[in-house]
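Asks: What follows is a single structure, and I will ask about it in a moment.
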Amino acid sequence: MASEKHFKYVILGGGVAAGYAAREFGKQGVQPGELAIISKESVAPYERPALSKGYLFPQTLACRSTLNVCLPSVQADAARLPGFHTCVGSGGEKLLPEWYTEKGIELILSMEIVKADLASKTLTSADGATFTYETLLIATGSSTIKLTDFGVQGAESNNILYLREIDDADKLVAAMQAKKDGKAVVVGGGYIGLELSAALKINNFDVTMVYPEPWCMPRLFTAGIAHFYEGYYASKGINIVKGTVASGFDADANGDVSVVKLKDGRVLDADIVIVGVGGRPLTGLFKGQVEEEKGGLKTDTFFETSVAGVYAIGDVATFPMKLYDEPRRVEHVDHARKSAEQAVKAIKAKESGESVAEYDYLPYFYSRSFDVAWQFYGDNVGETVLFGDNDPAAAKPKFGTYWVKDGKVIGVFLEGGSADENQAIAKVARAQPPVDDVEALGKEGLDFATKI
Ligand SMILES: Cc1cc2nc3c(=O)[nH]c(=O)nc-3n(C[C@H](O)[C@H](O)[C@H](O)COP(=O)(O)OP(=O)(O)OC[C@H]3O[C@@H](n4cnc5c(N)ncnc54)[C@H](O)[C@@H]3O)c2cc1C
């Protein structure tokens with residue numbers, strides 16, 4: 001007979017938000033057996049951003065001469081579990097599986113929930129196990145958009161890869177070993193596209209990026225910002241093909257991808273294709289059961305949805321963004337961490353008749369690849385003002401951009417900032433200082449931020 005289990009609290013999903021929520025439950029006090037995390041992944045919560053960065057550092061072959069075999073081994077500085085379990089990404093304690101055991105928190109791994117019935121407070125897994133709860137935290141994150149979703153010809157060939165979970169990263173690592181020093185085509189010019197192009201190049205692949213937009217990361221980057229990264233990537237030997245998309249793939253006799261066909265008629269040889277064309281929040285289990293907004297599950301400032309006792313955190317939540325007075329959904333790790341903490345604090349406060357402050361989030365995004373790293377705080381709307389030297393050939397690149405709306409600076413991007421400088425731009429985005437003269441702001445550059 002299929003098993004049935006009851007918990008006071010269930011966190012559905014085992015990613016970033018789940019890990020930070022578990023830590024907060026630990027801090028606030030949770031009795032053994034009260035809390036379970038149910039995840040379709042086979043490992044305890046980890047810092048997902050590591051998958052497109054340290055996890056893909058080059059592998060070496062460790063040869064055991066006595067056995068006369070060479071096995072892939074991970075370079076000393078390549079990230080591997082347990083090294084990047086939550087909550088190390090924000091400088092916190094690394095929660096190993098033993099931590100959950102000690103706290104009496106049940107980690108139910110490799111368990112996909114296929115049905116959620118919020119009325120009866122029951123979750124059902126693919127193999128028929130049921131889990132009931134009093135309070136549910138939905139932390140299912142996002143899934144990657146696949147080219148097979150659009151019926152792109154040949155998109156099911158081997159070595160056309162995506163990256164969301166650790167299993168995907170392992171497939172990519174295996175493909176890099178199998179196709180050593182080969183040709184890689186990266187479809188998409190967003191976060192994944194930029195970070196994975198760099199990772200493939202570092203692994204000695206001949207890399208071509210393809211994207212339809214006039215410049216990379218158009219959702220955040222201005223033409224001036226992209227000018228730097230495109231030039232910098234070109235200087236690292238990465239080919240960039242813009243203004244077209246992958247319209248089909250050919251495979252060899254083994255079914256391995258061999259050619260990427262572009263819509264403009266060009267063809268590119270490929271041993272590995274990485275696709276990073278966006279994600280979708282995983283809200284499907286709750287369709288028709290909770291209110292939705294802007295593609296996510298609508299929550300209040302405590303991350304409680306329209307159904308009492310059901311919370312949504314991380315990528316799936318559309319929450320009231322106090323700073324901009326409008327509902328927003330944020331697909332970034334900093335918000336996954338903070339929304340999880342806010343929800344657990346609110347749940348515990350409610351139980352003891354207390355209250356917590358409203359969630360007052362300042363958007364923060366970052367990325368790094370090769371030896372460049374940027375941070376962004378605030379909102380990227382309004383007029384833009386580029387400052388500093390965005391020459392891709394600069395020996396020590398440092399430049400940025402201010403976004404100015406209604407006479408106030410509301411967003412700041414900075415490449416190559418020190419810890420203090422990054423703190424300064426965060427302060428500016430929060431304080432929203434007035435500016436009368438944008439030309440003068442451009443000339444003043446980073447000094448404007450460090451003075452605030
Ligand atoms: C490769 C990569 C690199 C990234 N790099 C950055 C970065 O540099 N900076 C940044 O700000 N953000 C980055 N992000 C985004 C960031 O990681 C996400 O915003 C964050 O992980 C969201 O946390 P979450 O807990 O909402 O979802 P996730 O961390 O995705 O966790 C969701 C969990 O739910 C599980 N799940 C889903 N459905 C079910 C189900 N039905 N049953 C059981 N389990 C289920 C999943 O398996 C997963 O374990 C990156 C994302 C990826 C994929």
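Asks: Among DSSP bridges having both ends in the chain, what percentage is antiparallel? Round to the nearest 5.
Replies: Working: 58 of 95 bridges.
So the antiparallel bridges amount to about 60 percent of the total.
Asks: Another question, if that's okay. Around G288, what is the net charge, scoring Lys/Arg as +1 and Asp/Glu as -1 over all other residues with Cβ under 15 Å from its Cβ? Numbers along the way, then the final one.
Replies: Values: positive: K115, K287, K298; negative: D117, E291, E292, E293.
Charge balance near G288 sits at -1.
Asks: Which shape class applies to the chain: rounded if a/c is under 1.5, otherwise prolate when a/b exceeds b/c and oblate if not, where a ≥ b ≥ c are the square roots of the Cα gyration tensor eigenvalues? If you can, show how the numbers build up before the last one.
Replies: Details: a/c = 1.68, a/b = 1.11, b/c = 1.51.
Because a/c hits 1.5 or more and a/b fails to exceed b/c, the chain counts as oblate.
Asks: What are the ³J(HN,Hα) values, in whole Hz, obtained from phi via the Karplus relation 6.51 cos²θ - 1.76 cosθ + 1.60 with θ = phi - 60°, for each residue of the range 126-137 in sequence order, with x given for Gly and Pro?
Replies: Working through the residues one at a time gives 4, 9, x, 5, 10, 10, 10, 8, 9, 10, 10, 10 Hz.
Asks: What whole number of Å gives the distance from the Cα centroid of the range 325-355 to the Cα centroid of the range 205-276?
Replies: Here the answer is 38 Å between Cα centres.
Asks: Under 5 Å between amide H atoms, partner at least 5 residues away or on a different chain: which partners does N158 have, H built in plane at 1.01 Å?
Replies: For N158, whose amide H was placed from the backbone, the distant partners under 5 Å are D256, V257.
Asks: Run the dipole for the chain about the Cα centre, Lys and Arg Cβ at +1, Asp and Glu Cβ at -1, nothing else charged, and hand back the magnitude in debye, nearest 20. Please report the intermediate quantities before stating the final value.
Replies: Values: 47 positive and 60 negative charges, 91 e Å.
My answer is approximately 440 debye.
Asks: Also, I was wondering about something else. So for the chain, averaging the separation of alpha carbon pairs under 8 Å that are six or more residues apart and normalising by length, what relative contact order in percent results? Write down the numbers at each step before the final one.
Replies: On the way: 992 pairs, mean separation 61.6, N = 452.
Relative CO of the chain lands at 14 percent.
Asks: While we're on this one: By average Cβ neighbour count within 10 Å, what is the ranking of 201-209, 297-305, 349-357 from highest down? Walk me through the intermediate numbers first.
Replies: Working: 201-209: 19.9, 297-305: 22.0, 349-357: 11.6.
So the peptides 201-209, 297-305, 349-357, ranked by packing, come out 297-305, 201-209, 349-357.
Asks: Going 7 Å from the Cα of Y366 in the Cα-to-Cβ direction, what parts of the range 396-430 have a backbone nitrogen less than 15 Å from that spot?
Replies: Inside the label zone: 413-427.
Asks: What is the range 152-257 by shape, rounded, prolate or oblate, if you read a ≥ b ≥ c off the alpha carbon gyration tensor as root eigenvalues and call it rounded for a/c under 1.5, prolate for a/b larger than b/c, and oblate otherwise? Intermediate results must be reported in sequence, preceding the final value.
Replies: Details: a/c = 1.86, a/b = 1.53, b/c = 1.21.
Taking the square roots of the gyration eigenvalues as a ≥ b ≥ c, the range 152-257 is prolate.
Asks: Now a separate question. Give, in nm to one decimal, the length gained when the segment between S120 and T244 is fully stretched (0.36 nm per residue of separation minus the Cα-Cα distance).
Replies: On the way: separation 124, 0.36 × 124 = 44.64 nm, distance 4.87 nm.
Taking 0.36 nm per residue and subtracting the Cα distance, the gain is 39.8 nm.
Asks: Can I ask one more? Show me 328-335, 175-182 ranked by packing, highest mean number of other Cβ atoms within 10 Å first.
Replies: Numbers: 328-335: 20.5, 175-182: 16.4.
Sorting 328-335, 175-182 by mean packing, highest first, produces 328-335, 175-182.
Asks: Enumerate the amide H contacts of S247 below 5 Å, restricted to partners 5 or more residues apart or on another chain; note that Pro and chain-start residues carry no placed amide H.
Replies: K261, L262, K263
Asks: For the pairs K53/K348; K261/K396; K242/K405; K398/K427; K322/K408, flag any whose C-alpha to C-alpha distance is greater than 27 Å. Could you put the intermediate results ahead of the total?
Replies: Working: K53/K348 35 Å; K261/K396 38 Å; K242/K405 30 Å; K398/K427 19 Å; K322/K408 17 Å.
Among K53/K348; K261/K396; K242/K405; K398/K427; K322/K408, the Cα-Cα distance tops 27 Å for K53/K348; K261/K396; K242/K405.
Asks: Then there's this: Please turn the phi angles of the range 145-150 into ³J(HN,Hα) values with the Karplus equation 6.51 cos²θ - 1.76 cosθ + 1.60 (θ = phi - 60°), one per residue in order, whole Hz, x for glycine and proline.
Replies: Residue by residue, the range 145-150 yields 7, 9, 5, 5, 4, 9 Hz.
Asks: Also, I was wondering about something else. Among 153-160, 268-275, 16-23, how do they line up by average Cβ neighbours within 10 Å per residue, starting with the highest? Don't skip to the end; give the middle numbers.
Replies: On the way: 153-160: 19.1, 268-275: 23.0, 16-23: 29.4.
Per-residue Cβ counts within 10 Å, averaged per peptide and sorted highest first, yield 16-23, 268-275, 153-160.
Where a number appears in this text, it was derived from the coordinates with a stated rule and is not lab data. The structure displayed is predicted, hence computed values, not measured ones. Note that we place each Cβ from the backbone using ideal geometry, even for glycine, and neighbour counts take in every protein chain shown.
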